[in-house]
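A short write-up of the structure that comes next.
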Amino acid sequence: MTATSLVHGRRFSLIRRLSNTPVTVLLAGGFMALMLFVMVFAQVVQPYAFDHIDLLNRMAPPVPLEGSTWIHPAGTDTLGRDLFSRLLVGTQTSMLLALLGTCLGAVLGVALGFLAAHKGGIWDEGIMGLVDFQAAMPWFIIALAILAFLGNSMVIFIAIMALYGWETYARITRGLVLSAREQGYALAVRGLGARPSWIYLRHILPNIAGPLLVQLTVNFPSTILFETSLSFLGLGIRPPMTSLGQMLGEGRDYLINAWWLAVVPGLTIFFITLSMSILGDWLRGKLDPSLED
Amino acid sequence: MSYLEATDLARSYQVGRAGFLRKPRSFFAVDGVTLTLNKGETLGIVGESGCGKSTLARLLLGLIPADRGVLTLQGQQTLGVSETEWRALRRRMQLVYQDAAGALDPRMSVRTQVEEPLHIHGLPLDGAERALQAVGLFGAMADRYPHELSGGQLQRVVIARALALEPEILVLDEPVSALDVSIQAQIVNLLMDLQRDFGLSYVFVSHDLSVVRHISNRVAVMYLGRIVEDAPRDQLFADPKHPYTRVLIDAAPKPDPSTRRAIRLEVGDPPNPADPPAGCGFHPRCPLAVDHCRKEAPELRRVAERRVACHLVSEPFG
């Protein structure tokens, strides 16, 4: 096969693959792309500032409903703040926090997993003991306690998010590293005279990235739920800042008069979680060689 | 001129516990091997599966630690050296693997992987191109990924990667057993060309007698972790002394199938290395075994150019 026909073959297979992708996955991917766009450009898109108060238009319902106004097509809350703008900024906050928490947790967990696998012995025992400890602790309750005692600090909140779920990465990484470094290529590179760090970074990490990426997508929805739950209870993101959970918590009190205040952010959380889970499932199938066609 | 010299090299492995409180059992995969590799020559090591050939190959390179024994390269100790010295030794001796596909990182292009040893040792990268050309991989072929190459091509890549460091010794662990016969011949001829062009010394580990016969200057026969016979190639094949060598050579397929076998094994299966027989390791299968063989293990005795470990081979050979 010549080089050009190989390239063409690849391009065709890319188109075919895209058309073979399930509709749900495409929808989930599209929705997450939109959420990422909101995360980056919320301030550009928003019609009002998220905390702009318009007391003349309080509790306006979204447009098709009776009493709605085109000044605030998505409705307003009890202080007349534009619901659409708040939704954008709340999504931005929740997405950023979840992303940061997931990534920090992943980096921490992967690093500790590598350390446990590399050092072995007492290091391995110690780190795996920490993993079991973390897994056995009701982290949500402890997070509540920490936030209640130490108060509203963004640094503490992010640290708590990062510590949520790190143990899964550590456990997965340790197992993957232990098996990957006995693979022929790892032994062969060792035999070339490479240092362990070289083998870990250049060979083992790229080769175990697949399962870790899947874990990232599995962890992300639960992290966003973790953030929204804490904010819902008033212990995470607090006014005047807003997040999806904080909006949900605020809207809870008006479920009878103004159900959209809770339902709109609630649905957004639901769809983010669902989309990420669908994408994670699909990715897992794609990256598992035993399921490959 | 002796070049790589192993004396009483041994390596044991643990094989689990018989009970929770019992001591873990261990067995010797390589048990007191003494051998010499001369510069520019090929030492063939043959034996059936599980006799310790691959363990010996890794021991000779220092890739796994030895339980006991001495290993010298040009008179310089190579066992138990510091990490830095060990790494420097990698430039002088390299291993070529049987499973070429497994020995290559599936996510890296072939060229990157051949350049890798040069990167690791901080050498100029143009050595990779020379190595690739030496094994007959040209141009765009080197930019492919392992899954885009055939088994023979992959083995060429593994050889090129080993050659990139311009080593003096290559230990080849069953380098052709996973390949088609036609490709085997290509690789064996390539190895012989490379040896001539670069003045390499080979340790060629294989269970395939015909390949070993083709490429080796000397041949050592292993059984249960020990060398039972070691002789110049022609002597060994023309006149095998140890009963096991005779069985091995006799078992090889012959052009004329009606030829009667001169010697047969008593028992088909090799003994369990974790529970080796007393006396000579070969006696349960040996058609010539006498009482003495069951009691005392024979020494590997040197006679002229040959070494042999058998009570029945008396001096001079008769």
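The values are calculated or read from the model by the stated rules, or taken from the named source; none is laboratory data. The structure presented is a predicted model; accordingly, all values stated were derived computationally and were not measured. In this analysis, Cβ positions are derived from the backbone assuming ideal geometry, glycine residues included, and neighbour counts consider all displayed protein chains.
Just wondering, is there one or more residues in region A:171-181 that are within 14 Å of chain B (Cβ to nearest Cβ), closer than 30 Å to B:L154 by Cα and out of contact with any helix residue (DSSP H, G or I) (no Cβ under 8 Å at 6 or more places or on another chain)?
Yes, that holds for at least one residue.
Any residue at all in region A:251-264 that's under 19 Å from A:L99 (Cβ atoms) and either within 17 Å of the chain's Cα centre (by Cα) or not charged (D, E, K, R) (or both)?
No: region A:251-264 contains no residue that is under 19 Å from A:L99 (Cβ atoms) and either within 17 Å of the chain's Cα centre (by Cα) or not charged (D, E, K, R) (or both).
Between a residue in region B:85-103 that is of a type in the set (V, I, T) and any residue that is part of a helix (DSSP H, G or I), which pairs come within a Cβ distance under 8 Å, given they are 6 or more apart or on different chains?
Here the result reads B:V96/B:Q155; B:V96/B:V158; B:V96/B:I159; B:V96/B:A162, each pair linking region B:85-103 to a residue that is part of a helix (DSSP H, G or I).
In contact with a helix residue (DSSP H, G or I) (Cβ under 7 Å, 6 or more places away or on another chain) and within 16 Å of B:L172 (Cα to Cα): is that true of B:G62 in this structure?
In short, yes.
What pairs come out if I take residues in region A:55-68 that are under 12 Å from A:L79 (Cβ atoms) and pair them with residues that are at pLDDT below 80 and loosely packed, with under 12 Cβ neighbours inside 10 Å whose C-beta lies under 9 Å away, six or more apart or interchain?
Between residues of region A:55-68 that are under 12 Å from A:L79 (Cβ atoms) and residues that are at pLDDT below 80 and loosely packed, with under 12 Cβ neighbours inside 10 Å, the close pairs are A:M59/A:G67; A:A60/A:G67.
When you go through B:L165, B:L190 one by one, which is the residue that is aliphatic (A, V, I, L, M) and either surrounded by fewer than 17 Cβ atoms within 10 Å (Cβ to Cβ) or not in a loop (DSSP other than H, G, I, E, B) (or both)?
Result of the check over B:L165, B:L190: B:L190.
Can you tell me which condition B:A185 does not meet? The list is (1) of a type outside the set (V, I, T); (2) within 14 Å of chain A (Cβ to nearest Cβ); (3) over 23 Å from B:A88 (Cα atoms), and all the others hold.
Failing condition for B:A185: (2).
Select from region A:191-201 the residues that are free of Cβ contacts under 8 Å to residues at least 60 places away in the same chain and either surrounded by fewer than 19 Cβ atoms within 10 Å (Cβ to Cβ) or at the interface with chain B (Cβ under 8 Å from one of its Cβ atoms) (or both) and list them in ascending order.
A:G191, A:L192, A:G193, A:A194, A:R195, A:S197, A:W198, A:L201
Being within 14 Å of chain B (Cβ to nearest Cβ), in contact (Cβ under 8 Å) with a residue 12 or more places away in the chain and not polar (S, T, N, Q), is that true of even one residue in region A:149-157?
no
Here are the criteria: (1) in contact (Cβ under 8 Å) with a residue 40 or more places away in the chain; (2) within 14 Å of chain A (Cβ to nearest Cβ); (3) surrounded by fewer than 17 Cβ atoms within 10 Å (Cβ to Cβ); (4) more than 21 Å from A:E182 (Cα to Cα). Tell me which single one B:T72 does not satisfy.
(2)
So, in region B:114-140, of the ones that are away from chain A (no Cβ under 14 Å) and either of a type in the set (D, E) or under 22 Å from A:I208 (Cβ atoms) (or both), which residue ends up nearest to the chain's Cα centre (by Cα)?
So the residue we want is B:E129.
Without any contact (Cβ under 8 Å) to a residue 24 or more places away in the chain and in contact with a strand residue (DSSP E or B) (Cβ under 6 Å, 6 or more places away or on another chain) - does that describe any residue in region B:53-69?
Checked against the condition, which is being without any contact (Cβ under 8 Å) to a residue 24 or more places away in the chain and in contact with a strand residue (DSSP E or B) (Cβ under 6 Å, 6 or more places away or on another chain), region B:53-69 yields no hits at all.
Is it the case, given these coordinates, that A:A209 is without any contact (Cβ under 8 Å) to a residue 12 or more places away in the chain and crowded, with 22+ Cβ neighbours inside 10 Å?
It is false that A:A209 is without any contact (Cβ under 8 Å) to a residue 12 or more places away in the chain and crowded, with 22+ Cβ neighbours inside 10 Å.
Only one of these conditions is not met by A:P62: (1) more than 26 Å from the chain's Cα centre (by Cα); (2) in a helix (DSSP H, G or I); (3) within 25 Å of A:F271 (Cβ to Cβ). Which number is it?
(2)
Mind checking which residues of region A:65-118 are under 18 Å from A:N257 (Cα atoms) and in a helix (DSSP H, G or I)?
Selection gives A:L83 alone.
What tally of residues in region B:84-113 results from selecting those that are of a type in the set (G, A, S) and more than 7 Å from chain A (Cβ to nearest Cβ)?
The number of residues fulfilling the criteria is 4.
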